[in-house]
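Q: Following this message is one structure expressed as structure tokens.
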Amino acid sequence: MKRTGLQTCLLVALGVLCGADGAAQGVLSLDSCRAMALRNNKQLTIARLKQDVARDARKAARTKYLPHVDVMGGYEFTSKEISILNDRQKGALGSLGSTVAGQLGNTMSSVISEMAGQGVITQQTAASLGAIAEKLTPGIEKAGNSIGQTIADAFRTDTRNVFAASVMLTQPIYMGGSIVAANKIADISEQLAANDLAGRKQNIIYDVDNAYWTVVSLKHKQKLATSYLELVKKLSSDVSKMIGEGVATRADGLKVDVKVNEAEMQLTQVDNGLSLAKMLLCQLCGLQIDGNIVLEDEDKEDVSSAVEAGGVDVEAAFDNRPELKMLQNTVDISKQATKLIRAAYLPQVALTGGYLVTNPSLYNGFEKKFSGIWNIGVIVRVPVWNWFESTYKIRASKTATSIAMLELDDAKEKVELQVNQSSFKLSEANKKLAMAKKNTEQADENLRCANLGFKEGVMDVSDVMAAQTAWLQARSQKIDADIDVKLSQTNLKKVLGETIY
């Protein structure tokens with residue numbers, strides 16, 4: 001039965017609280033270890049930050065649908081200004097008075113000479129008119145030159161210092177599907193980040209479970225090694241008394257002493273292994289590596305119960321495994337990337353509008369003040385010829401999609417194999433646990449009979465030591481089988497993609 005998101009959050013929050021309480025008391029449960037590992041693991045923090053990055057990228061992609069407004073401004077100084085008149089025209093306007101006065105003087109001289117020649121006026125009158133014309137010519141020349149220069153100055157643009165500013169609005173209308181594809185890629189990337197986070201959580205929980213049950217296993221073996229040491233020490237004490245009474249040989253005592261030494265060495269090895277296993281668990285949980293922790297399941301005689309795998313649902317594993325979801329996300333992103341590449345070679349249409357202001361003003365004879373105009377337009381871009389570049393890029397992108405699909409199919413086959421192997425392993429672990437329990441019962445009875453026979457004198461020291469060794473092996477195998485069932489159950493949940501946190 002699948003848990004809802006709210007139930008999962010409540011369980012994690014409860015685990016965190018239990019973890020804090022357990023850490024304060026020095027007794028940790030499996031749930032508290034999981035909660036602390038999920039809270040303190042740095043790789044999970046990185047995965048969460050990547051998820052935040054993907055979320056922000058998705059929000060940024062949504063803005064591509066909306067109009068964008070850009071503001072630009074600038075100043076430019078040029079060594080020359082724009083000139084509407086050329087140098088010849090400027091010179092002509094500057095000497096306009098001289099030209100007019102010269103032509104006027106020549107005309108008046110000709111008219112006066114012609115009138116005097118025809119007798120219209122006397123020579124004296126002609127001389128007077130000529131003197132008057134000569135007096136008027138400088139004034140006409142000066143006034144004409146001034147007027148001409150004024151006209152030439154009026155045509156100056158004074159564009160050496162140019163100020164300009166604009167506000168431009170661009171609204172995409174059709175971009176060949178690139179905006180839609182980019183938004184879908186952003187959505188899938190966010191899903192990819194979420195699946196990556198889920199996969200990391202499963203791996204961390206799996207590692208914590210392995211470390212937890214390893215500590216429990218070694219703790220039980222420590223107790224077993226201590227019990228075994230007490231057994232052989234008691235046997236050594238009994239044999240020493242028997243040697244003193246002459247009913248046992250010195251060789252029997254040496255055999256027992258060797259077993260005592262072996263038991264002490266085994267206990268030392270178990271102690272060292274337990275310390276290292278606790279260090280690993282503390283590191284995974286974010287605790288002090290040399291912390292003295294006590295686990296809730298250390299004192300339980302049976303830490304697991306046989307649970308048959310039953311009929312496993314491989315299709316459910318395909319739907320739940322984060323790794324497969326990530327590969328499917330990769331396939332989907334590759335498909336959208338193909339659409340994105342294709343969109344770059346399709347027609348694109350955008351609506352534009354804005355306001356442009358300049359100084360000098362371009363709209364009233366290069367007037368020295370800020371003035372501007374509104375504008376609106378449509379931009380159309382149509383790719384015509386690219387030497388089959390689009391074909392090659394689209395073909396390469398489709399090939400990449402095919403590769404991603406093949407990798408997904410290959411991963412599904414491997415997951416199916418993992419599920420079947422884990423199911424068989426759980427069934428095998430259950431059988432080993434049942435056999436180990438029977439062997440333990442038989443070893444207990446065998447040791448009881450050996451001790452009784454040794455007391456009655458019908459069995460020797462070698463028989464007792466053999467019974468003790470068999471008892472140790474049976475107990476040790478039972479502990480291993482017990483933990484193996486627990487780890488097999490956890491592994492089956494992991495390969496099925498079931499939530500284990």
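Q: Given R₀ = 22 Å, FRET efficiency for residue 114-residue 134 by Cβ-Cβ distance, to 0.05?
A: Taking R0 as 22 Å, the efficiency between residue 114 and residue 134 is 0.80.
Q: Given a 1.4 angstrom probe, I'd like the percentage of the accessible area of the chain that is carbon and sulfur, rounded to a whole number.
A: It is 59 percent, rounded to a whole number.
Q: Given the DSSP H assignment, sum -39500 (n - 2.57) over each helix run of at least 4 residues in the chain and divide by its residue total; what's the result at 222 nm in deg cm²/dmol, nearest 500?
A: -25500 deg cm²/dmol
Q: Using Cα centres only, tell me the gap between region 64-90 and region 395-424 in whole Å.
A: Centre-to-centre (Cα) distance: 60 Å.
Q: May I pose another question? Go ahead and run the numbers for FRET between residue 60 and residue 315, Cβ-Cβ distance against an R0 of 51 Å, rounding to 0.05. Write out the running numbers ahead of the final one.
A: On the way: r = 36 Å, r/R0 = 0.71.
The calculated FRET efficiency here is 0.90.
Q: Mind checking the full-extension length gain between residue 157 and residue 299? Use 0.36 nm per residue of separation minus the Cα-Cα distance, one decimal, nm.
A: Using 0.36 nm per residue and subtracting the Cα-Cα distance, I get 41.3 nm.
Q: Based on Cβ point charges of +1 for Lys and Arg and -1 for Asp and Glu, what charge dipole magnitude is obtained for the chain about its Cα centre, in debye rounded to the nearest 20?
A: With only Lys, Arg, Asp and Glu charged at Cβ, the dipole is about 1640 debye.
Q: Another question, then. Under the rule that an exposed site lies in a DSSP loop and has at most 10 other Cβ atoms within 10 Å, name the longest stretch of the chain with no GluC sites (Glu not before Pro) of that kind, not counting the sites themselves.
A: The reported range is 1-300.
Q: At 1.4 Å probe size, put 282, 449 in order of accessible surface, largest to smallest. Intermediate results must be reported in sequence, preceding the final value.
A: Numbers: 282 0, 449 60 Å².
Sorted by accessible area, descending: 449, 282.
Q: Continuing with this model, one more query. Which helices, taking whole DSSP H runs in the chain, have alpha carbons extending 24 angstrom or more along the helix axis plus mean Kyte-Doolittle at least 1.0?
A: The qualifying helices are 5-25.
Q: Ok, one more. Residue 371 to residue 170: FRET efficiency via 1/(1 + (r/R0)^6), r the Cβ-Cβ distance, R0 25 Å, to the nearest 0.05? Mind dumping the intermediate values first?
A: Working: r = 24 Å, r/R0 = 0.95.
Result of the calculation: an efficiency of 0.55.
Q: Determine the per residue accessible area of region 123-179 with all protein chains present and a 1.4 angstrom probe, expressed in square angstrom.
A: Details: 3570 Å² over 57 residues.
Value returned for region 123-179: 63 Å² of accessible area per residue.
Q: If you don't mind, there's one more thing I want to ask. Below 9 angstrom from the Cβ of residue 360, what's the summed charge of the other residues (Lys, Arg +1; Asp, Glu -1)?
A: So the environment of residue 360 carries a net charge of 0.
Q: Where a ≥ b ≥ c are the square roots of the eigenvalues of the C-alpha gyration tensor, would you call the chain rounded, which needs a/c under 1.5, or, failing that, prolate if a/b is larger than b/c, or oblate?
A: prolate
Q: With both partners inside the chain, how many of the DSSP beta bridges are antiparallel, as a percent to the nearest 5? Intermediate results must be reported in sequence, preceding the final value.
A: On the way: 34 of 36 bridges.
Of the beta bridges lying entirely in the chain, close to 95 percent run antiparallel.
Q: Going by a ≥ b ≥ c, the root eigenvalues of the Cα gyration tensor, does region 413-468 fall in the rounded group (a/c under 1.5), the prolate group (a/b larger than b/c) or the oblate group?
A: prolate
Q: Please compute the net charge surrounding residue 392, taking Lys and Arg as +1 and Asp and Glu as -1 over other residues with Cβ under 13 Å from its Cβ. Walk me through the intermediate numbers first.
A: Values: positive: 342, 393, 395, 398; negative: 389.
Computed value for this residue: +3.
Q: Which trypsin sites (Lys or Arg not before Pro) in region 47-122 sit in a loop by DSSP (not H, G, I, E or B) and have at most 10 other Cβ atoms within 10 Å of their own Cβ?
A: For trypsin sites (Lys or Arg not before Pro) across region 47-122 that sit outside H, G, I, E and B with at most 10 neighbouring Cβ atoms in 10 Å, the list reads 80.
Q: Find how many whole Å separate the alpha carbon centroid of region 455-501 from the alpha carbon centroid of region 256-285.
A: Here the two parts' Cα centres lie 17 Å apart.
Q: Here's something else I'd like to know. For the pair residue 351 and residue 406, how long in nm is the line joining their label points, each one 7 Å along Cα→Cβ?
A: Each label point is offset 7 Å from its Cα along the Cβ direction, giving 4.7 nm.
The values are calculated or read from the model by the stated rules, or taken from the named source; none is laboratory data. As the structure is a computational prediction, the values presented were derived from the model and not from experiment. Note that each Cβ is placed from the backbone with ideal geometry, even for glycine, and that neighbours are counted across all protein chains shown. SASA here: full protein model, heavy atoms, side chains in, ligands and nucleic acids out. Shrake-Rupley method; radii C 1.70, N 1.55, O 1.52, S 1.80 Å.
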